[in-house]
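Written out below as structure tokens is the structure these notes cover.
The values are calculated or read from the model by the stated rules, or taken from the named source; none is laboratory data. The model shown is predicted, which means the values in this text are computed figures rather than measured ones. Here Cβ is always computed from backbone atoms with ideal geometry, including for glycine, and neighbour counts include all displayed protein chains. Just so you know, the surface numbers come from the protein's heavy atoms only, side chains and all, with ligands and any DNA or RNA stripped out. Shrake-Rupley method; radii C 1.70, N 1.55, O 1.52, S 1.80 Å.
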Amino acid sequence: MVTKSAGDRRAVFIVCIFLTAITWAVFAQTVHHEFINFDDDKYVYENAQVRSGLSFHGIIWAFTHSHASLWHPLTTITHMLDCQVFGLWAGGHHLVNVLLHNIAAVLLFLVLRQMTGSPSSPRDESVRLADRTGSIWRSAFVAAIFAIHPLRVESVAWIAERKDVLSAVFFMLTLGAYARYVRKPTLGRYVTMSILFACGLMSKATFVAVPLVLLLLDYWPLNRGQKSGSETQNWLRLLAEKIPLLVLSAASAAATAFAQTVTMASLQQLPLLPRIKNAIVSTITYIGQTFWPVDLGIFYPHPHDQLKSWLVLLSVILIVGISLIAIFTRRKRPYVLVGWCWYLGMLAPVLGIVQAGLQGHADRFTYLPHVGLSILLTWAIADLTERWRHRKLILGASAAVVIAALAASAWRQTTCWRDCVSIWTRTLTVTSNNSIAHQDLAAALWDRGRIQEAHTHSQIAEIIRWQTVLKDYPLDIAAHNALGVLLVQSGKPREAIAQWEISLEIDPNDGNAQNNLAWVLATSPEDAIRDGRRAVELAEKASRLPGGETPIVLRTLAAAYAETGESSKAIDTARRAAELAMAQQNQSLVETLQSEMELYRVNKPHRELPQR
């Protein structure tokens, strides 16, 4: 990676210092951040094997067991080493993440400079110098975008995403070793590159796409398909050259599939077509976030089958359109095809066609795929502006503005990761119907002693989970009934009534819906909701169903009689319910019924206290 002149060396050194400076300017704050109660527990602070630090036994365990339902032994070992050095001081773990990301950004610059700074055909020395100089600044801009784009925040500021930053270091080293092998192919250099590739696979499973990236680099900028001889034969040779790497990829994919069996989303709950639709839309969503990285959170709920058809169709049109442009311009602008295929190829393993987890998309999934888009855009802009007057000034100023804006945005986004409450609160601000965010915020609030707030968020999480089920299975009576109960408990009786009415439309003889609805209609403190006559009708039907003669149903029927002024019937029915409850040794219900009978004896109906 040595440049050809003192000027180049000085420029390379300055760029490396600059990349380091902006990386730490954005992410150094994480040294004061805490662990997050979302995977950090599985990876570090509640994992006994990791917390015990680095040992021979721990290393063997890392290679022979899955960790957080994944097989990435090198990532696991780095977590163990962190615990050995820093214990459970979260700042130390964050520091290592930032350091690895810093190294990856600098290596990306050096590798891109190495690959694109040496034209393959002999030309005038002034042209060569211009190419080298242009390559430095293009590579620097791509590396800077990689270093501080807000989409990087999740990978760097989240300790559980150590696998991202560690695999990125091995990715850049693999590319550098491959470029060195291409310059002078030897068995030793190929083995070195293969070892680095294997280390990447043992850091993160999505490294399986790297052989595709190497083939793309063969096309541009390495131009290996244009060597002497038949072009077809050249590409067959280059493909055969990648077979050992593909074998390693296949082995890693098999290990990952085995380790992830417990976290795979149910194919019955998430059919193939919704997963394909979401993958298509996510591909374009990530591109949109490249240019406008706002409303970022830690977890985005899966849309299931609720995506608008026009949105899916538009995404398909954009993907096909960009692909056609890349194909038709490949000879004049090969970096467009390479950058686009890099993006699609590295994104493919995490698009959710094989769904692992419940997220719809995730910022961290762009970590390495995003480099392909950055290369495409940077080289395209540089070429398209080649004839501009004051081109260097305009592009330099524009690059400075872009980097400054992205760095400021990334710094603000990083502050949201300071603790569990802040990141989940931020996520709830930028997403909707997010049961995971509500539930994990509830857990964080509970740990801080904010019990009432925790209870509220926990209830909301449960409601959203039933609503999510009903999106896919609108005729699920049990889900409608359970959602109704949760809504009543949350102080939303009207919404609860609507759910039970739907259940009765699906099955007019559903006893649960009849009883639940009758209870609310008989005992609600709101005059506008109560309907004693209908409550009696529903409760009587429920009691006549097979198995309907239960203390709970009879209690409801007694309350309904009391609401219509039939106190004697209410007392008799409540007494019968109490006798059944006594036979079942349900003393708490017996006492409740006795208390309600006292009301009925003085001709007062029972009123359910409003939920708070």
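Observations on the structure shown:
- Taking each residue as 0.36 nm, the span from Arg412 to Trp24 lengthens on full extension beyond its C-alpha to C-alpha distance by 138.3 nm.
- 3J(HN,Hα) couplings calculated from phi for segment 17-25 with the Karplus curve 6.51 cos²θ - 1.76 cosθ + 1.60 (θ = phi - 60°) are, in sequence order, 5, 4, 4, 5, 5, 6, 4, 6, 4 Hz; Gly and Pro show x.
- Average Cα contact separation per residue, segment 488-593, under 8 Å, 6 or more apart, as relative contact order %: 19 percent
- Per residue convex hull volume, Cα atoms of segment 333-374, in Å³: 60 Å³
- Dimensionless Rg ratio for segment 413-522, taking C-alpha atoms and the 2.2 N^0.38 Å reference: 1.26
- Remark: segment 233-355 is approximated by an ellipsoid whose semi-axes, taken from the C-alpha gyration tensor as √(5λ), come to 28, 24, 13 Å, largest first.
- Residues Val31 and Trp446, FRET efficiency given R0 of 35 Å [Cβ-Cβ distance, rounded to 0.05]: 0.85
- When the C-alpha to C-alpha distance is required to be over 27 Å, the pairs from Lys471/Lys492; Lys204/Lys471; Lys471/Lys541; Lys227/Lys392 that qualify are Lys204/Lys471; Lys471/Lys541; Lys227/Lys392.
- Radius ratio Rg over Rh of the chain, counting only Cα atoms, Kirkwood formula for Rh: 1.11
- Residue range of the chain that is longest and free of GluC sites (Glu not before Pro) which are both DSSP loop and sparsely packed (at most 15 other C-beta within 10 Å): 47-385
- Distance (nanometres) between label positions extended 7 Å along Cα→Cβ at Arg330 and Lys242: 1.3 nm
- The chain - percent of accessible surface contributed by carbon and sulfur, probe 1.4 Å: 62 percent
- The chain, accessible area per residue, ligands and nucleic acids excluded (1.4 Å, Å²): 46 Å²
- Translational diffusion of segment 135-269, µm² s⁻¹ [Kirkwood Rh, Cα pairs; Stokes-Einstein; 37 °C; 0.692 mPa s]: 195 µm²/s
- The string of couplings for segment 216-223 from the Karplus curve (6.51, -1.76, 1.60, θ = phi - 60°) is 5, 5, 4, 6, 7, x, 6, 6 Hz, one whole number per residue in order, with x for Gly and Pro.
- Cα long-axis angle, helix 309-328 against the chain (0 to 90 degrees, to the nearest 10): 10 degrees
- Helix 511-523 and the longest principal axis of the Cα set of the chain meet at an angle near 70°.
- Spin-label pair Leu99/Glu537, simplified geometry with 7 Å Cα→Cβ offset, distance in nm: 7.4 nm
- Counting only alpha carbon atoms, the long axis of helix 231-241 and the longest principal axis of the chain meet at about 60°.
- Using the alpha-carbon positions of segment 138-208, Rg (one decimal) and Dmax (whole number) come out as 14.0, 40 Å.
- The mean sequence distance of close C-alpha pairs (under 8 Å, at least 6 residues apart), as a share of the length of the chain, puts its relative contact order at 12 percent.
- Rg over Rh, two decimals, segment 307-358 (C-alpha only, Kirkwood Rh): 1.08
- By the Kirkwood approach, averaging reciprocal distances over each pair of separate Cα atoms, segment 331-484 gets a hydrodynamic radius of 19.7 Å.
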